[in-house]
Amino acid sequence: METPHRLAKPPPGPFRPEFWRSPLRGPWLTSFLGTLLLPLIVIVAVTGLISDGAYDPGLGLNSPFDRYGAFDVAIHLPASSPAWLYAVTQGLHVTVGLVAIPFLLAKLWSVIPRLFAWPPARDLTHLIERASLLLLVGGSLFEFATGVLNIQVFYPWHFNFVREHYYGAWVFIAALTAHVLLKLPTVVHAYRERGFLRPLRDDLHHTAPEPADSRGGLVAAAPAPPTISRRGLLGLVGGAAGVLLVVNLGESVGGPLRRIALLAPRGHALGSGANDFEVNKSALASGVIARARDPRWTLTVRGGRTVRLDRAALLRLPQHTHELPISCVEGWSTSQRWTGVRLADLADLVAAPAHASMHAASFQRGGAFRQATFTAAQVRDPRSLLALRVNGADLSLDHGYPARLILPAVPGVHCTKWIGSLTFLRE
Amino acid sequence: MKPRAVGVPVLQIAIHAVAFAIAGYALAQIVRGGSVVNFAIWFVGAAVLHDLLLFPFYSLLDRLGVRTRRDGAVNQVPVTNYLRVPALMSGLLLLVYFPLILGLSDHQYYLASGHHPHGYARNWIAITAVLFAGSGLLYAIRVLRAKS
């Protein structure tokens, strides 16, 4: 193929092959890092779609953003799932996402000379490939950056995080699938030529550059002497992943791990009182303090008929106690013993049909999650409660006094707090 | 000889066409959502920040570090990686947790959780100290072993 003369000589700096000196870069290293990264990304993608499904975006106003198209491929957890299932899938989404970061950065490091390939586009196929790589790299960094900032309640942007993180994921998944398919022969070739694990046997003295790859452009043209072996590099990456795991996992798993979750956004020990566990939105921020303390509060339950119940009347109904987790989409969860009235009993009280779904509304005036809609299966699950007490004490204001929902295996924000009304819907 | 990425360019083009169709659909939803400029800044900005700022920054630090420590070896045990590994791990923690470590989201965090996010800077410094101390201990063991 003829290359136009003016593009034949690359400009100085990173566009020249001899600029890149690391003797470790090459198709085997990139393949190996990709092989380690891919399963992590698959876990994060699948658990992300499970989380989307757990919000039941097709019901009521549950979707946190408008969905115009029929592009709903959310994965739905089965009804009567173990109560901890969403805590596990979302804990995986956040924790595995964090653990994948050093692998992603190492993968990008291993291919960065390709960013400065000269000429920028050899032909149309190459141009298309580079455009898809912008979607891949931009998509991956966008997803990781927005996710990492979201779990730290830091929002330096003006878009709807949930919508952009969701559709950004589809850009990333599409570009990644194409990338994996197109690079598969290169990966297979690298493993055939170098062995799957054989390069890891070399210590620093035996670390040599991979054989030159004329078209790949990853192997350094003028390599410097190695300062770390390939297994040393992978040990560094794996060790960094391990450090991230240790400092964050406790907020999802709890127990003694919470004490070493030193950088987890919600890793704090909050005391030993009945209500000393994490809150997603405080009573102060939700502007509900005066109304939550109002002794004239009543719950309105609508169905075949409408009843109004104050807290004393609710406490006279049969009380049930279940240990259920609050599992936040941000990855933290906390399991507590909740006591209150079964939603099924409230449905029967107003003569709601067995297949009725339920809309729950808070008396909170603003906020994206002041309401939620649930399927009949969720309503009729014997573990689904309108909770009045937790760990033997009345709910605190922050935890939803005078009454809140708690259901198994739903995102924490759907366990609506400061409940004003429950409406059982025929359809 | 390196194999062609995919034998038939037609297959290559087909795979790309499907990927661009799905990505294009998703991007169209973002455009309909109305915050496309801010999204584009973040999408392209994330790649630019990584490729043209973060990567050159840590590579340069690493290269300078390796250069100044080229002769830094006791009993033939080079010191480079015993500083490089804890430094990169500590840097990664800062990269991931900078909003909490630098207290950038204190107010939002307080509104969400009802308590203030205390101690992240202290914890990060403590973890960094432990990483360097552990690395130093391993280095000392290796030096002593090399001596005997």
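Bear in mind these aren't lab numbers, they're just calculated from the coordinates by the rules spelled out. Every value quoted in this text rests on a predicted model; they were computed, and no experiment measured them. So basically every Cβ, Gly included, is an ideal-geometry build from the backbone, and we count neighbours across all protein chains shown.
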Mind checking the angle between helix A:230-253 and chain A's longest principal axis? C-alpha axes, 0 to 90 degrees, to the nearest 10.
-> 10 degrees
Taking Cα atoms only, helix A:161-194 is inclined relative to the longest principal axis of chain A by an angle, in degrees rounded to 10, of 40 degrees
Alpha-carbon centroid distance for the pair the stretch A:342-380 / the stretch A:155-200, whole angstrom | 41 Å
Between the modelled labels at residue B:11 and residue A:201 (7 Å from Cα along Cα→Cβ) the distance in nm is 3.2 nm
Do the sum for chain A: with -39,500 (n - 2.57) for every DSSP H run of n ≥ 4, divided by all residues, what is the mean residue ellipticity at 222 nm, to the nearest 500 deg cm²/dmol?
-> -13000 deg cm²/dmol
Compactness ratio of the protein assembly as shown: Cα Rg over 2.2 N^0.38 Å, N = residue count?
-> 1.11
Express in whole angstrom the spacing between the alpha-carbon centres of the stretch A:81-148 and the stretch A:241-310.
-> 32 Å
Anisotropy class of chain B from Cα gyration tensor, a/c 1.5 cut | oblate
Top mean-square fluctuation among A:290, A:190, A:393, Gaussian network model of chain A, C-alpha springs under 10 Å?
-> A:290
Return the lysines within reach of residue A:417: Cα separation strictly under 21 angstrom, same-chain partners fewer than 8 residues apart disregarded; answer none if there are no such residues.
-> A:281
Averaged over the residues of A:173-181, the number of partner chain Cβ atoms within 10 Å of each residue's own Cβ comes to 5
Would you tell me the mean number of C-beta atoms belonging to other protein chains that fall within 10 Å of each C-beta in A:234-246, as a whole number?
-> 3
Measure nothing fancy, just the Cα-based angle from helix A:85-111's long axis to the longest principal axis of chain A, in degrees from 0 to 90, nearest 10.
-> 20 degrees
Under a point spin-label approximation (7 Å from Cα along Cα-to-Cβ), what is the residue B:63-residue A:294 distance to one decimal in nm?
-> 6.7 nm
Note: B:85-91 gets an average of partner chain Cβ contacts (10 Å, Cβ to Cβ) equal to 4
For the stretch A:35-57 and the stretch A:384-425, write down the distance between their C-alpha centroids in whole Å.
-> 28 Å
Tell me the trypsin sites (Lys or Arg not before Pro) within the stretch A:324-427 that lie in a loop according to DSSP and have at most 11 other beta-carbon atoms within 10 Å.
-> A:365, A:426
Cα gyration tensor of the stretch A:315-394, axes a ≥ b ≥ c as square roots of the eigenvalues: rounded (a/c below 1.5), prolate (a/b > b/c) or oblate?
-> oblate
Please list, or write none, the aspartates and glutamates whose alpha carbon is within less than 14 Å of the alpha carbon of residue A:183, excluding same-chain residues fewer than 8 places away.
-> A:129
Using the Cα gyration tensor of the stretch A:104-261, with a ≥ b ≥ c the square roots of its eigenvalues, what is the shape: rounded (a/c below 1.5), prolate (a/b larger than b/c) or oblate (neither)?
-> oblate
